[in-house]
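This report concerns only the one structure given below.
The values are calculated or read from the model by the stated rules, or taken from the named source; none is laboratory data. Keep in mind it's a predicted model, so treat the numbers as computed, not measured. Note that each Cβ is placed from the backbone with ideal geometry, even for glycine, and that neighbours are counted across all protein chains shown. Accessible surface is based on the protein model in full, side chains and every heavy atom, while ligands, DNA and RNA are left aside. Shrake-Rupley method; radii C 1.70, N 1.55, O 1.52, S 1.80 Å.
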Amino acid sequence: MLFRSVIEPLAVVLYALQRLPVAEGERVAILGGGGIGQLLVQAAARAGASSVVLVDPHPERRALAQRLGATRVLTPEEVAVLQEDETLRPELVFDAAGRAQAFRTALEIAAPGGRIGAIGYAGSETVAIEPSIVMRKLLDIRGVLSPTGTWDEAVDLVARGEFQTAPLVTHDLPLDDFAQGFQLTAERRDGAIRVAIHP
């Protein structure tokens, strides 16, 4: 169960990297420090990104991202530095936050000519954007929803220890505690990233 709980998000990340490969020396920002965000941090670092910045409101997630290879971590309130500092302004932004507002942030912080990968789930949330920002900045936007032909590679990478996955499973609960598990996940509290429930 624990193994499976990290394979699916890694397979999503691998598919995202097919659609939006990280080039060596590229500046990358990742919005959201859940399971997918933490795996994106590792993937970007492995690909040779010159900077890997993770943005997340939760201190536990920011601290983990630093251990996994992020060169810098920020709170959402600090994200303006990515627009102000040209040495940090991301050429590639992954929105893995699961919040609609993060997509707007991605549009704002991406460098001109940059690329954006929309990976987080926003459900029914909406946010106002001006399409002109996409045109003015010549942005390329790609969506990624699920693993597509990447399961076997994900299993192989985890089996070989190429990605650190154990720190992502922050809670391991019996079936009787499923309500607590869902609440931990929904509220993103107690350092929750991936909550595993055993049937």
Item checked: Calculated [θ] (222 nm, deg cm²/dmol) that DSSP helices of n ≥ 4 give over the chain, each run adding -39,500 (n - 2.57) -> -11500 deg cm²/dmol
Notebook entry, point to check: For the range 10-76, which whole percent of the accessible surface, found with a 1.4 angstrom probe, sits on carbon and sulfur atoms?
Noted result: 47
Checklist line | Amide N of the range 130-163 lying under 13 Å from the label point, which is placed 7 angstrom from the Cα of Glu108 along Cα→Cβ | finding: 130
Next item on the list: With a point put 7 Å past each Cα toward its Cβ, work out how far Ala63 is from Asp177 in nm, to one decimal.
Entry: 2.0
Next item on the list: Highest first, please rank the peptides 71-77, 53-59, 136-142 by the mean number of other Cβ atoms sitting within 10 Å of their residues.
Entry: 53-59, 71-77, 136-142
Notebook entry, point to check: Regarding the range 118-199, what are the three Cα extents along the principal axes, ordered largest first, in Å?
Noted result: 51, 32, 20
Notebook entry, point to check: Sorted by mean Cβ packing within 10 Å, highest first, what order do the peptides 28-37, 111-120, 166-175 take?
Noted result: 28-37, 111-120, 166-175
Margin query: Normalised radius of gyration for the chain, please: alpha carbon Rg relative to 2.2 N^0.38 Å, two decimal places.
Written below: 0.99
Check: Quick one: which of 8-15, 147-154 comes out on top by average Cβ neighbours within 10 Å, and what's the full order, highest first?
Finding: 8-15, 147-154
Item checked: Average projected area [Cα convex hull, the range 26-126], square nanometres -> 5.7
Margin query: Just to be sure I understand the rule: take each whole DSSP H helix in the chain, project its Cα atoms onto its long axis, keep it if the span is 20 Å or more and its mean Kyte-Doolittle hydropathy is at least 0.0. Which ones pass?
Written below: 2-19
Next item on the list: With a cut-off of at most 16 other beta carbons within 10 Å, and DSSP calling the residue loop, which chymotrypsin sites (Phe, Trp or Tyr not before Pro) in the range 88-136 qualify? Please list them.
Entry: Tyr121
Margin query: I want to check the label-to-label distance for Tyr121 and Gln18. Put each point 7 Å from Cα in the C-beta direction and report it in nm to one decimal.
Written below: 2.1
Notebook entry, point to check: Rounded to the nearest whole Å², what accessible area per residue is found for the range 23-172 with the 1.4 Å probe?
Noted result: 46
